[in-house]
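The values are calculated or read from the model by the stated rules, or taken from the named source; none is laboratory data. Computed from a predicted model, the values in this text were never measured in an experiment. Methodologically, a virtual Cβ is constructed for each residue, glycine included, from the backbone with ideal geometry; neighbour enumeration extends over all protein chains shown.
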Amino acid sequence: MRTYGAEETGAAQRKPAGIAGALRQMLGMREVGLIAIILLLFIVMSFASPYFLTWVNMRAMAMAFAVEGIVVVGMTILLISGGIDLSVGSVTALAMVIAGLLFLAGFDPWTASAISILACLAIGAAMGFFVTRIGLHHFIVSLAVMVIARGICLLGTGGRPLGLYTLPPEFKFIGQGSLGVVPVVIVIFVVVVIAFDFMLRKTTMFRKVFYTGSNEKAAAYSGIRTKKVVFLTTTLCSGLCGVAGIIYMARFGSAQPTFGMGMELNVIAAAVIGGASLSGGVGTIFGAILGAILLSVVSSSLALLDVSVYWQDIIRGSILLAAVTIDHFINKRRKQRV
Amino acid sequence: MKTTMENDLVLKLSGVSKSFGPVQALRGVDFDLRRGEIHAIAGENGAGKSTLMNIVDGIIRPDSGEIYIDDELVEITSPAVAQRLGIGLVHQEIALCPDVSVAENICMCATSISRSLLMDFRAIEAKAKAALGTLCDVPPTALVRDLSISQQQLVEIAKALTLDCRVLILDEPTAALTEREAKILFGIMRRLADQGISIIYITHRMAEIFENCDRVTVFRDGQYVMTRDIREITPGDVVAAMVGRVIDNLYPAKLAAHERSDEVILAVRNLTDRARYRNVTFDLKKGEILGLAGLIGAGRSEIARGICRLEGETSGEVELYGRALRLRHYRDSIDHGIVYLSEDRKGDGIFLDMSIAANVSALSLELVATRFGIVDERREQDLATRLGRSLNLRYGDIRQAASALSGGNQQKVAIAKMLSVNPKVIFLDEPTRGVDVGAKAEIHRILRALAQDGVGILVISSELPELIGLCDRVLVVREGEITGEVAGDRMTENNIMYLASIEAGRAATA
């Protein structure tokens, strides 16, 4: 009897792609294009402003996207599974507020942080419940949670930032310390990115996220429990918001109820510029982080060039539109070729 | 009458070419259409049929070539222009608004050219009713999302009929229709033709061409091959012209009497799912290909999906090789080796934007992963390459997206996905829908080979000639119940239709 399945170990029959082929494939990749644009910006800016290529500015830029980058990771995975989360900014702020209030109530900061992250996971799980069990759309559920979470932040703090001056130095170390010359925040960020990038590309667990986002019904017809997948990606995204919130708290030494307004747009923009598709099934962590870096470099450049804050928003929005438009045409051409 | 018609050309194409990037979809194609004829266009997938029709409808602009309507040179720059010239196209894929009523869908074109600000719902409903009247009894106020696929297809046709067109193009309209609905459609087509409307009919099915059309034009690889009067040609000639070679035997040989086995692979007893089906009982034996026939909506797919726990709440027993199964969800079913190939390949059979390799391993991730749940891409690609070879899959690179493949090859990827888990039983729901003749014969051969290897094969199909040609035994379902079984000499379209619908049976005996 012939066997068709995976047990049989057939000899590898792959064509070697060839160096030219590999190069062409690499150049076609979204990430390479983004790196080129970022490098170009670096070169232009290093001539345009004497402050750009300084250690201080580099560090500030890295700090600016590193914490948000953790949220970008969660958002990218959620987008790949076919979802979206508008509540990330509010939930990040809520994580700060919950941990801050618990700390002021006498909990030690580590316990307070753990409880706060668990609370964020619970919020994600609740959203996942409404999406997968009740059958509502991610967009509307997370919109509601965005408003509710912000409301809780303001209610809990009376709208004023909580000063947490008594946070012990070993806790503040997370947000403010350095390992050698590298800030701890960057270390955490790099570890999170590498871990999730690896898992997303290599593990069966996250492969199911791609299947689900690519075609939910086909995934179900492949024995994948798609509702479970979506539930988990929704929960994970909120959980990573919780982690980001705690890092922000350690960095600022305070809990700010109005923090992170508009963050969702930045985060979604980064993921989409990095190649994630709003209709699911496509995206990489590496690309999304490059998207976040690009947005951060642009913001920093505009600030250094003394461009008005209002113009900065207009330019950031235009970049998003341009990136998505270019992507659309590249995809169209690719489809026509085959 | 006929003689005057023969020189009366409504539509004439000459030297039409079109390329998409490096792919030459059409090379200097000629075509002419007489007034009041039903003209079949045949060709394998990728032969250029749909491209040509999209050019006639103004969706695609040709690179070169001329289009004449009533001997007048025209330029069809958009579907709106085509409409003004009296050309109506019913696409293969349904393009209706699901949340809008049937009537509004049918009159959508009329709405877009209406000068009135307000919708005249009564007029729209009356018009829709008139257009639907002869086709099917769908209420014009029903929402399209509540209709079955075949009803939606009929609404599409009704929509084209309201346009008062002189040229009606139907692109594989019967793919989703039952035989009975198709018969009604052919009656209407003939009536329209008698009224002087010219119909271009695109199909894969030889029987339909020879029963209903006046002339046939064959395309192959973007080139015009021939146009013939139906009376002077045989189905074999058309198939040979389509594939460029003679396909000697469309179906593989069936089981010989001495090869039959009494060993039962899958035994189903009294399977019931409240409203959908009742007391379904059958045995799937080793070596045979079992067919499941019935009208669309009779519950064929539901039974298959119920057995492997994809949907529904079922009661009753399922035994695999004599052992009772307790399946909770589809994953359990896969782990026991019972898999289901979906009828809607693009909708839920395949991940279009993922690689061929990732598609094949969707059922069998655990088999190509290490103990720690890390996918071994080498093993994954080897699996896909090996299964692809055994199915004669044609592709450039195993890592390319499945969307780059032709329909027949996509279906092979979907089958490879099933085979990756070494299944014991495979349910195949419309395994050759939208697949060209060559690939279809290949898929049939593959199924026969699997059956010979001891895999239980159950095929669901709306195409009776396929069931009759391929299966050793056919069960017929009507309204959720198995009404009979045909095998050997009794396996005829008439017998199956009789069992599938009492009405059709009465008509046959009357």
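Can you confirm whether region A:157-177 contains a residue that is basic (Lys, Arg) and within 30 Å of B:Val360 (Cβ to Cβ)? Even if it seems obvious, please write down each step before you answer.
The first filter runs over region A:157-177 and keeps only residues basic (Lys, Arg), leaving A:160, A:172.
Next cut, within 30 Å of B:Val360 (Cβ to Cβ) only: none.
Looking for residues that are basic (Lys, Arg) and within 30 Å of B:Val360 (Cβ to Cβ), one finds none in region A:157-177, hence no.
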Residue hits (region A:191-218; within 7 Å of chain B (Cβ to nearest Cβ) and assigned to a helix (DSSP H, G or I)) are A:Lys202, A:Thr204, A:Met205, A:Arg207, A:Phe210, A:Tyr211, A:Ser214, A:Lys217, A:Ala218
Select from region B:431-456 the residues that are hydrophobic (A, V, I, L, M, F, W, C) and part of a loop (DSSP other than H, G, I, E, B) and write down the one among them that is nearest to B:His258 (Cα to Cα).
B:Val455
Members of region B:70-99 that are within 28 Å of B:His204 (Cβ to Cβ) and in a strand (DSSP E or B):
B:Ile87, B:Gly88, B:Leu89, B:Val90
Report yes if some residue within region B:435-446 is at the interface with another protein chain (Cβ under 7 Å from one of its Cβ atoms) and surrounded by fewer than 21 Cβ atoms within 10 Å (Cβ to Cβ); otherwise report no.
no
Single residue of A:Leu155, A:Leu167 found to be part of a helix (DSSP H, G or I), away from chain B (no Cβ under 14 Å) and farther than 19 Å from A:Glu264 by Cα
A:Leu155
Determine whether A:Ala270 is part of a helix (DSSP H, G or I), within 18 Å of the chain's Cα centre (by Cα), more than 14 Å from chain B (Cβ to nearest Cβ) and at negative phi.
yes
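Starting from residues that are among the basic types (Lys, Arg) and assigned by the TED database to the domain that holds B:Gly434, keep the ones in region B:328-381 and report whichever is surrounded by the most Cβ atoms within 10 Å (Cβ to Cβ).
As a first pass, look at region B:328-381 and keep what is among the basic types (Lys, Arg): B:328, B:331, B:345-346, B:371, B:378-379.
Narrowing further to those that are assigned by the TED database to the domain that holds B:Gly434: B:328, B:331.
Details: B:Arg328: 8, B:Arg331: 15.
In this case the residue turns out to be B:Arg331.
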Check whether at least one residue in region B:198-221 is exposed (fewer than 15 other Cβ atoms within 10 Å of the Cβ) and modelled with pLDDT of 85 or more, and report yes or no.
yes
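Please work out if B:Ala241 is over 29 Å from the mean Cα position of the chain (by Cα) and either surrounded by fewer than 22 Cβ atoms within 10 Å (Cβ to Cβ) or of a type in the set (Lys, Arg) (or both).
Details: over 29 Å from the mean Cα position of the chain (by Cα): no; either surrounded by fewer than 22 Cβ atoms within 10 Å (Cβ to Cβ) or of a type in the set (Lys, Arg) (or both): yes.
Considered against the rule, which asks whether it is over 29 Å from the mean Cα position of the chain (by Cα) and either surrounded by fewer than 22 Cβ atoms within 10 Å (Cβ to Cβ) or of a type in the set (Lys, Arg) (or both), B:Ala241 comes out as no.
For region B:382-394, what are the residues that are within 7 Å of chain A (Cβ to nearest Cβ) and crowded, with 20+ Cβ neighbours inside 10 Å?
Here is the first cut: in region B:382-394, the residues within 7 Å of chain A (Cβ to nearest Cβ) are B:382-383, B:385-387, B:390.
Within region B:382-394, B:Asp382, B:Leu383, B:Thr385, B:Arg386, B:Leu387 meet the criteria.
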Of (1) farther than 21 Å from B:Ala401 by Cβ; (2) touching a Gly at 6+ places or on another chain (Cβ under 7 Å), A:Lys227 satisfies every one except (2)
Which numbered condition in (1) within 8 Å of chain A (Cβ to nearest Cβ); (2) part of a strand (DSSP E or B) is the only one that B:Leu428 fails?
(1)
Return yes when B:Asp332 is of a type outside the set (A, V, I, L, M, F, W, C), in contact (Cβ under 8 Å) with a residue 12 or more places away in the chain, out of contact with any His (no Cβ under 7 Å at 6 or more places or on another chain) and more than 30 Å from B:Thr178 (Cα to Cα) and no when it is not.
yes
Please specify each residue of region A:29-67 satisfying the condition of being over 26 Å from the mean Cα position of the chain (by Cα) and of a type in the set (Gly, Ala, Ser).
A:Ser46, A:Ala48, A:Ser49
For region B:5-45, please list each of the strands (runs of 3 or more DSSP E) lying entirely inside it that holds at least 2 residues being more than 26 Å from the chain's Cα centre (by Cα) and at pLDDT 80 or above.
B:9-20, B:23-34
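For region B:110-125, which residues satisfy the criterion of being at pLDDT 75 or above, surrounded by 14 or more Cβ atoms within 10 Å (Cβ to Cβ) and not β-branched (Val, Ile, Thr)? First the steps, then the outcome.
Filtering region B:110-125 for residues at pLDDT 75 or above gives B:121-125.
Right, trim to surrounded by 14 or more Cβ atoms within 10 Å (Cβ to Cβ) and you get B:121, B:123-125.
Matches in region B:110-125: B:Phe121, B:Ala123, B:Glu125.
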Here is a list of conditions, (1) surrounded by fewer than 21 Cβ atoms within 10 Å (Cβ to Cβ); (2) under 21 Å from the mean Cα position of the chain (by Cα); (3) closer than 30 Å to B:Leu341 by Cβ; (4) not hydroxyl-bearing (Ser, Thr, Tyr), and A:Val229 meets all of them except one; can you say which number that is?
(1)
When you scan region B:364-381, do you find a residue that is over 21 Å from A:Arg201 (Cβ atoms), facing another protein chain (nearest Cβ under 9 Å) and among the polar types (S, T, N, Q), even just one?
no
The one condition A:Ala112 fails out of (1) touching a helix residue (DSSP H, G or I) at 6+ places or on another chain (Cβ under 8 Å); (2) hydrophobic (A, V, I, L, M, F, W, C); (3) over 27 Å from A:Gly253 (Cβ atoms) is (3)
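Looking at region B:155-176, which of its residues are under 21 Å from B:Met497 (Cα atoms) and surrounded by 21 or more Cβ atoms within 10 Å (Cβ to Cβ)? Working first, answer last.
The initial filter retains those residues of region B:155-176 that are under 21 Å from B:Met497 (Cα atoms), namely B:173-176.
Across region B:155-176, the qualifying residues are B:Pro173, B:Thr174, B:Ala176.
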List pairs: first in region B:147-176 and in contact (Cβ under 8 Å) with a residue 24 or more places away in the chain, second aromatic (Phe, Trp, Tyr), Cβ under 7 Å, 6+ apart or cross-chain?
B:Leu170/B:Tyr201
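Answer yes if at least one residue in region A:172-190 is within 14 Å of chain B (Cβ to nearest Cβ) and of a type outside the set (Asp, Glu), and no otherwise.
As a first pass, look at region A:172-190 and keep what is within 14 Å of chain B (Cβ to nearest Cβ): none.
No, the conditions are met nowhere in region A:172-190.
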Filter result for B:Arg345 (within 12 Å of chain A (Cβ to nearest Cβ), under 27 Å from the mean Cα position of the chain (by Cα) and not polar (S, T, N, Q))
yes
